[in-house]
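The values are calculated or read from the model by the stated rules, or taken from the named source; none is laboratory data. Every value quoted in this text rests on a predicted model; they were computed, and no experiment measured them. Note that we place each Cβ from the backbone using ideal geometry, even for glycine, and neighbour counts take in every protein chain shown. Surface accessibility is based on the protein's heavy atoms, side chains included, excluding ligands, DNA and RNA. Shrake-Rupley method; radii C 1.70, N 1.55, O 1.52, S 1.80 Å.
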Amino acid sequence: MKFNVFALIQICAALVVRDVEKRQASALDFYKKIDEDGLSKRDDIEKRQASALDYYKKIDEEGLSKREVIKRTVTEVCCQAPFIAVNGRCVEPNLMTFDEPEYSQSYGDLNDGYFGLDWISGSQTIYFNKVAYSFYPGMAQGVVSAPNGLINNQHNTPLQVGSTGGVTFSVATLYVNSLANPTNIANFVGTLNGVTVATYSVPITNGTPVFVNLGAQGFSNIDKLSIIGDGTGGSWILIDDLSTNLTNA
């Protein structure tokens, strides 16, 4: 029997071509397959990609993209004391001890601009020297970093710090105790453009100062912080080691 090599090659070639055509047809059928939306798989993929792009481009009420909102939210949630969230970043805040050389007197006003903030001083917010005013029970332990602490000079007015010109700041942490009364309550109020945006209260004594994490209580992007006690017979508050940061300077 004669073996026709040429014929065998032709048969094999035909089978290969047929297989290729079959695979091409199968691939074509896949891309032509219609899903429930009436779109081909390729069109459906493109549609989903466009939808995802639109989602990230969508602008919320603050004028921030959703991606920026998520970034800011995650940063604020993940920032733990002593760090603070500033413009989507977790940064270490400025620590105010009120102990600089220019504050070496027994008492006095803080200079406006101290750490970039405006100090509502005079009869309200002044620094006290621990040694000079040791006759107040709260001075002995209330001053965390010697020699000074900050108080509201008139017990019926709040200890206040603010900012102007559209500048806002965030408060991280501080220590607080009662200057005179054995027991008291420290009331914190954060405002922006005269509107209260955060409040917090904590019981205090004239002994060991209380560490307060205002960053965890929403005291961010404010333009004024007010602190006052409500103890009977005098509401003097003493604070020290205040940590803040400007947020849009």
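Quick notes on this one:
- Accessible surface of the stretch 167-207 [probe 1.4 Å, protein heavy atoms]: carbon and sulfur percent: 60
- If R0 equals 30 Å, the separation of the Cβ atoms of VAL210 and THR164 corresponds to a calculated FRET efficiency of about 0.50.
- For the peptides 146-154, 102-110, 183-191, the ranking by packing is 146-154, 183-191, 102-110, with the highest mean count of neighbouring Cβ atoms within 10 Å listed first.
- Computed over protein heavy atoms with a 1.4 Å probe, the accessible surface of the stretch 123-249 works out to 38 Å² per residue.
- Area of TRP119 that stays accessible when all protein chains are in place (1.4 Å probe, Å², to 10): 10
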